[in-house]
Amino acid sequence: MAGRTLLFIIRKKMVVLFIAALFLATGLYHWAASALARKAYYPLQGKKIVLDPGHGGVDSGANDSSGFKEKTVNLEVALKLRELLVLGGAEVIMTRTDDSDVTEKGDPGKKRYHRDMDGRRKLMNESGADVFISLHVNACRGAHRTRGAFVYYHKNSESGKMLAECLAAQLNHYVADYKKEGELAIHKACTANYYLLRNAKIPAALVEMGFMTHPEEKRLLSNKDYQKGLAKALADGLRDYFLNQALSS
């Protein structure tokens, strides 16, 4: 009987030690992962970045009868991107963190859509941020072989152009692993006259992360792992931009 009791105590201690070792290993893993992220994204340290998940609330953005909603993908990628940027030492300001719009920050005398845009503009220009990135999903009816990311900047912003080119390079590299022969998937950064871009007082880029009208890409855009890959590509693009800024100054 005494032998059984002793064996039970030994086994219990071994279980406790195993659990403690598991917690320690998990903690060390997360510490190491955080340290690696800080090292990989060191150019982001001290930078202030505004992330704008497009649409939200009553405005679903691009959507279809399958239940796909652009606003949801925009937010999910933005939250994953924020996590990476914060690990790299950046301060991140989100225009929204849930399924809402930004109308309460806009001019009350304007209609809902224009109040929303005005609220995003104010957050962009009054935050003291270094850069602004607006995230969206594209749609092109009748062009089912077009996929990949488009990144836009305003023609009068040289720093916006550099930002867009850095983001586009990393996104193209990521998307290239998924494209099939004959698909148009690699796109250069290009100019656009969107409201937020033409009213930006800081370097700004608008990112169309993919096409919901491409059946395979629509499926990928809703996939959590693919979203993580998009977030990493965007974080890498931001790192490259700030590194280029430091080298050219």
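The ranking of S100, S157, S248 from fewest to most other beta carbons within 10 Å of each one's beta carbon is S248, S100, S157. Using θ = phi - 60° in the Karplus curve 6.51 cos²θ - 1.76 cosθ + 1.60, the 3J(HN,Hα) couplings for region 225-232 round to 5, 5, 4, 4, x, 4, 4, 5 Hz; x is entered for Gly and Pro. When only alpha carbons are used to place a centre, region 194-213 and region 222-249 end up 15 Å from one another. Reported to the nearest whole Å, the Cα centre-to-centre distance from region 112-173 to region 36-98 is 12.
The trypsin sites (Lys or Arg not before Pro) found in region 125-182 that occupy coil by DSSP, while having at most 10 further C-beta atoms within 10 Å, are R141, K180. Shown in residue order for region 180-187 are the 3J(HN,Hα) couplings computed by the Karplus curve 6.51 cos²θ - 1.76 cosθ + 1.60 at θ = phi - 60°: 10, 4, x, 8, 8, 10, 9, 10 Hz (x for Gly and Pro).
Simple rule: put +1 on each Lys or Arg Cβ and -1 on each Asp or Glu Cβ in region 43-248, find the dipole, and look at M162, A78, Y226; the Cα lying farthest toward the positive end is M162.
Measuring between alpha carbons in the structure, the pairs from K71/K188; K71/K161; K71/K201; K71/K228; K105/K201 lying more than 22 angstrom apart are K71/K188; K71/K161; K71/K201. Dipole size of region 125-230 about its Cα centre, with +1 on Lys/Arg Cβ and -1 on Asp/Glu Cβ: approximately 280 debye, rounded to the nearest 20. For region 112-155, the Cβ-based charge dipole about the Cα centre amounts to some 320 debye (Lys, Arg positive; Asp, Glu negative; other atoms uncharged). Taking amide H positions as modeled 1.01 Å from N, with prolines and chain starts lacking one, the residues under 5 Å from I93 and 5 or more places away or on another chain are I49, V50, L51.
Values in this text are rule-based calculations from the coordinates and carry no lab data. The structure presented is a predicted model; accordingly, all values stated were derived computationally and were not measured. Here Cβ is always computed from backbone atoms with ideal geometry, including for glycine, and neighbour counts include all displayed protein chains.
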